[in-house]
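Each remark here refers to the structure printed beneath this line.
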Amino acid sequence: MVNAVKGLYLSCDIPMTQFIINMNASLPQSQKFIIHVLDNTHLFVRSDMAGMIRSAISDFRDANTYEKPA
């Protein structure tokens, strides 16, 4: 019997992949969203978690962006 899982294919650089993997590892088992790590730059994740992943990446980028002082 074939088992199919609906998900999203993410492609990103290695540091962002590691950020997403660490974010997934910090969650309880019932909330984990990574279905499979394909390689260093590609992930297969649950499609219902896309908004949460985008939000976390946006917050991470905002926290790590340099703004020139006025």
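Since every read-out is calculated from the coordinates, none of them should be taken as a lab result. Quantities reported herein were computed from a predicted structural model and do not represent experimental measurements. Counting neighbours? That spans all protein chains shown, and the Cβs are built from the backbone with ideal geometry, glycine included.
Overview of values
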item	result
Net +/- balance of residues flanking Leu8 in space, Cβ distance below 14 Å, scoring K and R +1, D and E -1	+2
Least to most buried among Thr65, Thr41 (fewest other Cβ within 10 Å first)	Thr65, Thr41
Net length gained if the chain between Gln31 and Met16 were fully extended (0.36 nm per residue, minus Cα distance)	3.4 nm
Estimated 222 nm signal from helices in the chain, with DSSP H stretches of n ≥ 4 weighted -39500 (n - 2.57), rounded to 500	-12000 deg cm²/dmol
